[in-house]
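Input: a single structure, listed below in structure tokens.
The values are calculated or read from the model by the stated rules, or taken from the named source; none is laboratory data. Quantities reported herein were computed from a predicted structural model and do not represent experimental measurements. Cβ placement follows ideal geometry from the backbone for every residue including glycine, while neighbour counts extend to all protein chains displayed. For accessibility, only protein heavy atoms count, side chains too; no ligands or nucleic acids. Shrake-Rupley method; radii C 1.70, N 1.55, O 1.52, S 1.80 Å.
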Amino acid sequence: MVKVVDLHKYYRLKGETVKALQGINLEIYRGEYLSILGPSGSGKTTLFNMIGGLDRPTRGTVYIEGVDIYKLPEKRLAYFRNRKLGYVFQTYNLIPYLTAVDNVALPMIFAGVPRRERIEKAKRLLEQVGLGHRLWHKPFELSGGQQQRVAIARALANDPSIILADEPTANLDLTTGRQIIGLLKDISLEKNVTIITNTHDLKMIDVSDRVVWIRDGRVERIEERQVVELHDIVIDIA
């Protein structure tokens, strides 16, 4: 599903070169639930953005379903993101003056879906994430967990192959965070969607098929859920 090849990303900061990524190689499989973990400044957010087509690498590339996404012109890359990728953000990124239905329907506008069809689909998706009773509420009328459910429904709007979830539980309490994690796992299993999370939340390990540990812009290790070793990492990323 996703193949990352020799990925490098360098930034210039106050006259110095910051090497955020230094030769990442990674393969992610269809239907897999993969979590990217590491200490602050490790490069995990940069890797996440590269996989999502949100930032271009200094060197190397990302293949999604065999497509070298960074060889696509900007307009084709935007179209590719709209159809293949769904995004769930830490701060929800809902449009405050739109209802839940209209927020979920928004990506379908850019995909050219007729209004009646996109509204009906948005309703179905909100019902699937447990918000059938909040269809016409605006974000300020919803709890944090409900807003994140709207964001997940929106990520599913165009039937993506991959959902990228950036710290999806960071602003949620323990119970709500577990519910969101469980919902993402259910989506992965039921729809065979690849879930990639960038997270500090060790609860993600419970549902992840694999965990990629990032440190200093490199893959430190990749572990199956059954053999994950936390040892000093718990303290390191707290």
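Rounded to the nearest 10 square angstrom, TYR92 shows an accessible area of 30 square angstrom against a 1.4 Å probe. Our helix-only sum for the chain, with -39,500 (n - 2.57) per DSSP H run of n ≥ 4 divided by its residues, gives a mean residue ellipticity at 222 nm of -10000 deg cm²/dmol.
Between TYR11 and SER143, what is 0.36 nm times their sequence separation minus the Cα-Cα distance? Round to one decimal in nm. Separation in residues times 0.36 nm, less the Cα-Cα distance, equals 43.8 nm.
Once the chain from ALA111 to THR175 is taken as fully extended at 0.36 nm per residue, the excess over their C-alpha distance is 19.6 nm. If a/c stays under 1.5 just call it rounded; otherwise compare a/b with b/c (prolate if a/b is bigger, oblate if not). Do that for segment 1-97, with a ≥ b ≥ c from the square roots of the Cα gyration tensor eigenvalues. Rounded, since a/c falls under 1.5. Applied to segment 58-74, the Karplus parametrisation 6.51 cos²θ - 1.76 cosθ + 1.60 on θ = phi - 60° returns per-residue 3J(HN,Hα) values of 6, 8, x, 8, 10, 9, 10, 6, x, 9, 6, 5, 8, 9, 7, x, 4 Hz, with x for Gly and Pro. Dipole of the chain (Lys/Arg Cβ +1, Asp/Glu Cβ -1, origin at the Cα centre): which of LEU7, GLY53, GLY145 lies farthest to the positive side? The residue sitting most towards the positive pole is GLY53. Note on exposure: THR197, THR46, THR91 ranked by accessible area (1.4 Å probe, complete protein assembly) read THR91, THR46, THR197, with the most exposed listed first.
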